1. Restricting attention to region 76-89, which residues are of a type in the set (Val, Ile, Thr) and under 12 Å from residue 53 (Cα atoms)?
2. Using the structure shown, decide if residue 44 is without any contact (Cβ under 8 Å) to a residue 40 or more places away in the chain, out of contact with any Pro (no Cβ under 6 Å at 6 or more places or on another chain) and more than 23 Å from residue 11 (Cβ to Cβ).
Amino acid sequence: MAVKIRLTRIGRHKDPFFRIVAADSRFARDGRYIEQIGYFDPEKGVENAVINEELAIKWLVAGATPSDTVRSMFTRKGINAKAVEAKKAGK
């Protein structure tokens, strides 16, 4: 099973709101997911995105692949660096 960390869209027409989820890559974008990691409101910007760092690091260490958008969000929040450190500490 290939797990991806990606955005799933919720919210009404022309007012997007996104959940950050870990999902099997074979499922639809807005379909079934394994676990919710956080949420993101594009009107407030990436700095105000709410992300559970422990869950994000857990999935990254387990081998989940973030989408391009989620990867940039994680980089701006410093989660990618923490995940790399956690991987090195685990080995």
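Here, each number is a calculation from the coordinates, and none is a lab measurement. Everything numeric in this text was worked out from a predicted model, so none of it was measured. Neighbour counts are summed over all protein chains in view; Cβ atoms, including those assigned to glycine, are modelled from backbone coordinates with ideal geometry.
1. Residues of region 76-89 that are of a type in the set (Val, Ile, Thr), as a first pass: 79, 84.
The one that is of a type in the set (Val, Ile, Thr) and under 12 Å from residue 53 (Cα atoms): 79.
2. On the way: without any contact (Cβ under 8 Å) to a residue 40 or more places away in the chain: yes; out of contact with any Pro (no Cβ under 6 Å at 6 or more places or on another chain): yes; more than 23 Å from residue 11 (Cβ to Cβ): no.
No; evaluated as a whole, the condition is false for this residue.
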